[in-house]
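Working notes for the structure below.
The values are calculated or read from the model by the stated rules, or taken from the named source; none is laboratory data. A quick note: this is a predicted structure, and the numbers were derived from the prediction, not measured. Heads up, the Cβs are rebuilt from the backbone with ideal geometry, glycines too, and the neighbour counts pull from every protein chain shown. These accessible areas exclude ligands, DNA and RNA; they are computed on the full protein's heavy atoms, side chains included. Shrake-Rupley method; radii C 1.70, N 1.55, O 1.52, S 1.80 Å.
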Amino acid sequence: MKLSDEERRALTDMTRKGVSSARVITRARLLLLSDQELLDRDVAERHGVNPATVASIRHKYAEGGLQAVLYEKARPKQPPKLNPQQTAILIAEVCSTPAGRETWTMQLLADRLVTLGVVDRISDETVRRTLKKTRLNRGRFNVGVSPR
């Protein structure tokens, strides 16, 4: 692998100025060491990364150039577990009082959604994250946190 003089200068500036993210600076350093024709394991050893990481960086450079190595494409996010209608049902349940209990726990809410047929299965952690995203004041809605 051989970098052009311009690429080498840009990478050297990037590593010295430190204005980029740590990930980008590490990749720049790996590229600069790879340009010195060191073995992947030697480059990896110097930076405390896996040799497969160095090989991957070299491969990405060969296929897509400098920008492809330094800046990854955004990865697609996983779709939410609950759609807006299911979230509305969850919130309605939070606003009610659980039968035979004083407060809801996350696990009780998860079980209730399954019982109602809203979802086939759901974890208490997904329920917690969903409620957190809705910015509900859980104290106001009597939702307790179950111990794990």
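Divide by every residue of the chain the summed helix terms, -39500 (n - 2.57) for each DSSP H run of at least 4, and state the resulting mean residue ellipticity at 222 nm, rounded to the nearest 500 deg cm²/dmol.
The helix contribution divided over the chain gives -18500 deg cm²/dmol.
Label segment 1-56 by shape, choosing from rounded, prolate and oblate, from the square roots a ≥ b ≥ c of the eigenvalues of the Cα gyration tensor; if a/c is under 1.5 it is rounded, and otherwise prolate applies when a/b is larger than b/c, oblate when it is not. It would help to have the intermediate numbers written out before the result.
Values: a/c = 2.35, a/b = 1.29, b/c = 1.83.
Taking the square roots of the gyration eigenvalues as a ≥ b ≥ c, segment 1-56 is oblate.
Among Leu39, His59, Ala99, which residue has its Cα positioned farthest towards the positive end of the charge dipole of the chain, with +1 placed on the Cβ of Lys and Arg, -1 on the Cβ of Asp and Glu, and the dipole taken about the Cα centre?
Ala99
Can you give me the angle between helix 51-70 and the longest principal axis of the chain, using Cα atoms only, in degrees from 0 to 90, rounded to the nearest 10?
For helix 51-70, the angle is close to 80 degrees.
How big is the dipole moment of segment 1-115 about its Cα centre under a simple scheme where the beta carbon of each Lys and Arg is +1, that of each Asp and Glu is -1, and everything else is neutral? Debye, nearest 20, please.
120 debye
Is there a pair in Lys2/Lys73; Lys60/Lys132; Lys17/Lys60 whose C-alpha atoms are over 31 Å apart, and which pairs would that be?
Lys60/Lys132
Just the accessible area per residue of segment 20-124, please: how many Å² with a 1.4 Å probe?
64 Å²
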